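These notes are about the structure you will find just below.
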Amino acid sequence: MGHAKPVESPTANITYRVLNPDYGVFERAFLPAIAAGLGTTIRHFFANVTTRKYIRTIEYPDNPVEYPQRFRGMHRLVPREDGKPRCVACFMCQTACPARCIHIVGGETADQSIEKFPIVFEIDELRCVVCGLCVEACPCDAIRMDTGIHPVPVTSRQEGLFGKRDLLGIPSREERKSGRRDTTSRPPGTAAGTGRKDRAHGDGGAGGSAGGFGEH
Amino acid sequence: MEATAIAPFLPYIFDLLSLAIGLGIPLLLAGPLTWAERRQSAMIQDRVGPNRAPFPLIRSRNITVFGLLHPLADVIKLITKEDTINREVDRFLYNLAPLIAVFPALVTFAIVPFGPDVTILGQTWSLQIARVDAGILFLFAMSSLAVFGTTLAGYASANKFAMLGALRASAQMISYEVTLGLSVIGLIMVFGTLEPNAFVLGQGAYLFGGWIPKWGILVQPLGLIIFMIASIAENKRTPFDLVEGESEIIGYFVEYSGMKFGMFFMAEYIEIVVISGVVTTLFLGGWQIPFLMDGGFVFPWGASFEMAEWLVSLLRFGAFLFKVVFLCWFQLMLRWTLPRFRYDQVMKVGWRMLLPLSLLNVIVTAVVMLY
């Protein structure tokens, strides 16, 4: 394959080798190489036209891919059986939030098992840094990020504010798939109705789906 | 009654129909070819390609037909785009150049026979716009006019890059015209005619006791390869697209915008169709289907299958269209397979490889014919 001849550099005392491969008649006739190249492109062409074998493109709005299970998406407020949020306005998430995007106004209720409820529960999705600390902090498993969707694009800052009603209306990934709302679902170890942790399990703070943060 | 009343007008109706089909094939194929170019290159390069232009009338459903509406969107964009004209340009030549570029591409299709002669009400309809005795010469005469379009475009637009592109284009096109003409001479010797339809009829003959059709590709394989290479070089497409050379010089049409640029663009795709038509006629048997005679299939092993005349004619027209579309596909395939030649390489390939080869082809054919 080819010969290399040393060339004296005129500027510096360096000897370097120029590779000038001596192509044979076969290579220089072009046609066999062109036929080989055509073979490759035609193979790809037909494989992609018939079965899209090599195409890796994600056609996002038409055929979005399912995000991984641990993807932290849009927040949602988990409803009770009666459709009201599980949230008891304890301000844990608002305190934990590093971006200060959660705004809660608490109110009292006559229901002794709940005592408090949020009059206002707002998340500014434009400020949210999607850290998931609110989900970690919630003792009632009332806020989750298991929706599997992005915060939707908005045209004004005001639209970026998601209120209690908005956040309650967002289905979880499973609900979206099955097409029905599930008000009874709760992680194991939560008391019926309230969504509160059953203290007997002594599992304190970490609730929700993404465990492991702050457990030490 | 009616038949006799129409009879005197039939020749004109035939001519108009021939014109409609002969102009329709290149014009209607050129649009989808721009789509095919993008879509096919995407498939070759493992991409998806353009598939988003929706059907405008039905908004509720997103009908895109594999992106086939993109050429329409492109045309609307090109027509409505602002047509900027440089202050320094030679107005007359600048406006004339795109027309000259499209004209030879369209007019050369006139000599391509796209079907056999059909007899309707006792009169013959030849499916060919112009049956010129010196059809092949007409083809070369017209295709050599194309160089004026490119050269004038580069010269008139008062831009050094355009001038450079035009110079390259004219040198390349004139160089390859020599080879283009010489590569067909072998074929002319074999079939003894210059008339394209006679070429097709001649390719209806069979070799070796009727087993192999006497197509140009089998009689003149070298001629076909050289002709194909030279015509791609004439059309200034990859691997001979250094005239445009998108990455370094932008070619003779840098200063053109809007539909004037669109016409250069269109000319290229019409020329693809024309090249396919000419290669089909000269080398792939035109509208001939192997073993399909006027009365139906007659196979060399004795079997035969009778068919009505109109069905045979339709099949042959379909065969021509199929061959043309196949060759268009093949040209796009070549474009997305090969890298670009350097300028000196283009000249070297043209003058030192293809020209001697085509001369050799002529000599060998002559010797064989003598024997």
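Each reported figure results from applying straightforward, stated rules to the coordinates on display, with no laboratory input. Predicted, not measured: the structure shown is a model, and the values here were computed from it. Cβ atoms come from the backbone with ideal geometry, glycine included; neighbour counts cover every protein chain shown.
Can you compute log10 of I(q)/I(0) for the range B:256-371 with the Debye formula, treating each Cα as one identical point scatterer, at q = 0.09, 0.14 Å⁻¹?
-0.46, -0.92
Among B:304, B:143, B:126, determine the one that fluctuates most according to a GNM of chain B built with springs between C-alpha atoms less than 10 Å apart.
B:304
Rank these for me by crowding, B:136, B:63, going from fewest to most other beta carbons within 10 Å. Walk me through the numbers before you get to the answer.
Details: B:136 23, B:63 13.
Listed from fewest to most nearby Cβ atoms, that is B:63, B:136.
Using only helices, what value at 222 nm comes out for the protein assembly as shown when you add -39,500 (n - 2.57) per DSSP H run of length 4 or more and divide by the total residues, to the nearest 500 deg cm²/dmol?
Details: 20 runs with 267 residues, N = 587.
After summing the helix terms and dividing by the residues of the protein assembly as shown, the value is -14500 deg cm²/dmol.
Given a Förster distance of 22 Å, report the FRET efficiency between residue B:352 and residue A:18 from their Cβ-Cβ distance, rounded to the nearest 0.05. Don't skip to the answer; put the middle values down first.
Values: r = 24 Å, r/R0 = 1.07.
In this case the efficiency is close to 0.40.
Given a Förster radius of 35 Å and the C-beta distance between residue A:157 and residue B:160 as r, what FRET efficiency does 1/(1 + (r/R0)^6) yield to the nearest 0.05? Before the final figure, lay out the partial values.
Details: r = 51 Å, r/R0 = 1.46.
For residue A:157 and residue B:160, the calculated efficiency is 0.10.
How far is it, in nm, from the label point at residue B:178 to the one at residue B:72 when both lie 7 Å from their Cα along the line to the Cβ?
With each label point 7 Å from Cα toward Cβ, the separation is 4.8 nm.
Exposure proxy check: B:177, A:27 ranked by fewest other beta carbons within 10 Å? Could the numbers behind the result be given before it?
Numbers: B:177 19, A:27 11.
Least crowded to most crowded, the residues run A:27, B:177.
Expressed as a whole number of Å, what is the distance separating the alpha-carbon centroids of the range B:212-290 and the range A:18-76?
26 Å
Whole Å is fine, so just give me how far the alpha carbon centre of the range B:53-94 lies from that of the range B:331-371.
One Cα centre to the other: 37 Å.
Compute the projected area of the convex hull of the Cα atoms of the protein assembly as shown, averaged over all viewing directions, and report it in nm² to one decimal place.
Numbers: hull surface 191.7 nm².
With every direction weighted equally, the projected area is 47.9 nm².
Taking a label point 7 Å from the Cα of residue A:173 along the Cα→Cβ vector, which residues of the range A:60-86 have an amide N closer than 16 Å to it?
Under cut-off, by backbone N: A:64-76.
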